Amino acid sequence: MRLVAGIDSSTQSCKVTVRDLDTGVCVREGSAPHPAATIVDPDVWWHALLDAVQAAGGLDDVLAVSVSGQQHTPIFLDATGTPVTASPLWNDLGSHPHMMALNAELGRDTWIRRTGLPLTLSDTVVKARWLRDEFPDAAARTAAIAVVHDWLTWRLRGFGPGTGGIDSLVTDRSEASGTGYWSGETGEYTLDLLEHAFGHPVVLPVILGPLERAGVTAAGLPGIPAGLPIGVGSGDNAAAALALGLEEGDAVLSLGTSGVVYARTADPVHDYAGYVCSYADATGDHLPIVATLNAARNLQVGAELLGCTHEELAELALAAPPGAEGLTLLPYFEGERTPDLPHARAAVLGASLSNFTRANMARAIVEGTVASQVAMLDALAACGVHSRRLLVIGGAAKNRAVQRVLAELVDLPLAVPTADEYVAKGAAMQAAAALTGAFPRWSVETSPVAPAPPAPQVARQHHDAQLALGYLASAPSPTPARV
């Protein structure tokens with residue numbers, strides 16, 4: 001059996017999956033946690049990778065490896081390759097005023113036109129401005145900026161703090177597209193935008209093509225033999241799209257730490273309404289994406305509040321009628337990205353003595369979460385990205401109440417792919433490409449979601465709640481009809 005390994009360095013943990021090159025079947029896997037903080041020493045991600053490799057039984061029998069990871073999160077390096085400071089994660093809210101400043105200085109539409117991104121607090125260029133404004137001494141010492149997957153790939157090749165070699169950093173189109181200083185039209189960095197934000201030029205990773213090698217593994221890495229081909233790697237959503245075999249007309253809803261909706265297109269998208277980010281995928285095409293900060297964790301907090309398991313939460317929600325008898329949750333527990341409400345907090349509206357029950361509360365939590373995701377499908381459609389099928393992945397995809405509410409709100413065929421580590425699987429496909437020169441054809445099994453009668457009152461309640469709290473002007477216009 002020939003084996004390849006894919007590594008997913010996500011927000012919450014590092015996962016390693018070892019797969020059969022011919023079938024894609026997972027042979028073994030391992031993981032290691034990341035800290036819950038949103039500003040993290042980059043060395044943590046490297047040591048978690050090594051721990052996850054050990055938990056997966058090592059890579060001594062593996063023929064190639066590749067890394068995917070959380071997008072946007074920067075590593076600021078000095079000329080010796082040493083981080084100058086801890087890294088603010090993509091979901092750290094401290095960079096919101098710096099995003100506002102960049103939009104005010106150049107105009108929001110300039111960023112959309114030049115990069116395809118309505119700037120968010122997550123984008124790498126915004127984190128660069130954060131460093132320049134908050135820690136100017138560290139910014140002055142910064143000679144290179146990479147993101148997490150670039151940093152880990154570089155470390156696998158034997159570079160690291162004190163080694164130099166910042167000119168050897170590499171990345172791929174998907175990661176470059178999430179920085180805020182790359183153009184989907186030209187495939188090149190927009191260096192003037194980064195210099196405007198950061199104040200001086202820096203070394204950026206060389207952008208490799210989808211089937212290129214990033215290099216080979218260095219000697220002396222515990223559990224990792226020297227000389228393994230390393231795939232180019234990618235951002236997490238691009239890796240998942242690759243593993244799912246995404247085609248034009250498909251859309252994906254990923255319900256994890258964040259909620260993400262994306263689709264594959266041949267051309268970049270420019271959303272002057274300010275919701276769709278035009279990222280690149282791992283194949284040479286594009287991957288327009290809309291994201292929320294609040295998704296599967298809403299269900300966790302709901303289960304804790306109601307003192308039940310996730311399965312019991314689903315049962316409670318399904319026992320209540322659509323619309324939860326008027327009880328509505330806006331699930332902005334940690335602020336929100338779509339709509340852009342970083343300082344908002346969750347709110348329960350429409351409660352009365354008769355409707356404030358455990359079942360209705362469970363239903364409102366699920367409906368509020370799903371309605372926020374459906375609004376992202378609306379945003380894609382407004383940019384001309386129309387879907388014929390919706391694939392639902394992530395930790396909440398199997399929740400029966402989530403599936404039911406989605407079927408009530410979305411008039412598309414819905415399917416849930418068999419549970420898998422799709423980001424790590426996509427990275428393993430890139431490892432295979434580094435070995436063979438082509439992506440493998442690994443099958444993906446899906447289960448259909450049963451259709452349900454439409455429940456337009458859910459979207460209306462979500463809309464009215466946003467209006468009541470003054471959020472409507474900042475939000476995509478929800479529609480009471482099914483998407």
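What the table shows:
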{"item": "Set Arg173, Arg114, Arg132, Arg155: member being of a type in the set (Lys, Arg), touching a Gly at 6+ places or on another chain (Cβ under 6 Å) and crowded, with 17+ Cβ neighbours inside 10 Å", "result": "Arg132"}
{"item": "Where a residue in region 305-319 is of a type outside the set (D, E, K, R) and its partner, wherever it lies, is part of a helix (DSSP H, G or I) and open to solvent by 70 Å² or more (accessible area, probe 1.4 Å), with Cβ under 7 Å and at least six apart", "result": "Leu306/Arg358; Ala314/Arg400; Leu316/Arg358; Leu318/Arg400; Leu318/Arg404"}
{"item": "Among the candidates Glu188, Glu175, residue that is assigned by the TED database to the domain that holds Val126 and free of Cβ contacts under 8 Å to residues at least 40 places away in the same chain", "result": "Glu188"}
{"item": "Which listed residue is open to solvent by 20 Å² or more (accessible area, probe 1.4 Å), free of Cβ contacts under 8 Å to residues at least 12 places away in the same chain and touching a strand residue (DSSP E or B) at 6+ places or on another chain (Cβ under 9 Å), from Gly227, Gly215", "result": "Gly227"}
{"item": "Check on Ala296, touching a residue at least 40 places away in the same chain (Cβ under 8 Å) and either under 18 Å from Pro210 (Cβ atoms) or open to solvent by less than 10 Å² (accessible area, probe 1.4 Å) (or both)", "result": "no"}
{"item": "Cβ-Cβ under 6 Å pairs, at least 6 apart or on other chains, region 15-33 side open to solvent by 50 Å² or more (accessible area, probe 1.4 Å), far side part of a loop (DSSP other than H, G, I, E, B)", "result": "Arg28/Ala56; Arg28/Gly57; Glu29/Ala56"}
{"item": "Per-region count, region 320-329, residues in a loop (DSSP other than H, G, I, E, B) and either crowded, with 24+ Cβ neighbours inside 10 Å or under 18 Å from the mean Cα position of the chain (by Cα) (or both)", "result": "1"}
{"item": "Residue within region 305-319 that is buried (at least 19 other Cβ atoms within 10 Å of the Cβ), on the phi < 0 side of the Ramachandran plot and touching a strand residue (DSSP E or B) at 6+ places or on another chain (Cβ under 9 Å) present", "result": "no"}
{"item": "Residue in region 35-50 that is nearest to the chain's Cα centre (by Cα), counting only those that are crowded, with 19+ Cβ neighbours inside 10 Å and not aliphatic (A, V, I, L, M)", "result": "Trp45"}
{"item": "For Gly220: the one exception among (1) at positive phi; (2) assigned by the TED database to the domain that holds Leu390", "result": "(2)"}
{"item": "Strands (runs of 3 or more DSSP E) within region 1-111 that include 2 or more residues within 21 Å of Glu336 (Cβ to Cβ) and modelled with pLDDT of 95 or more", "result": "none"}
{"item": "Meets criteria (at pLDDT below 95, assigned by the TED database to the domain that holds Pro451 and open to solvent by less than 30 Å² (accessible area, probe 1.4 Å)) for Met376", "result": "yes"}
{"item": "Filtered residues of region 263-287 (kept if in a loop (DSSP other than H, G, I, E, B), modelled with pLDDT of 95 or more, open to solvent by less than 40 Å² (accessible area, probe 1.4 Å) and not aliphatic (A, V, I, L, M))", "result": "Pro268, Asp271, Asp281, Gly284, Asp285"}
{"item": "All positions within region 330-339 that are aromatic (Phe, Trp, Tyr) and either in a helix (DSSP H, G or I) or open to solvent by less than 10 Å² (accessible area, probe 1.4 Å) (or both)", "result": "Tyr332"}
{"item": "Matching residues, region 394-424, being closer than 20 Å to Thr283 by Cα and open to solvent by 10 Å² or more (accessible area, probe 1.4 Å)", "result": "Glu421, Tyr422, Val423"}
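The values are calculated or read from the model by the stated rules, or taken from the named source; none is laboratory data. The structure displayed is predicted, hence computed values, not measured ones. Glycine also receives a Cβ, built like all others from the backbone with ideal geometry; neighbour counts cover every protein chain displayed. Surface accessibility is based on the protein's heavy atoms, side chains included, excluding ligands, DNA and RNA. Shrake-Rupley method; radii C 1.70, N 1.55, O 1.52, S 1.80 Å.
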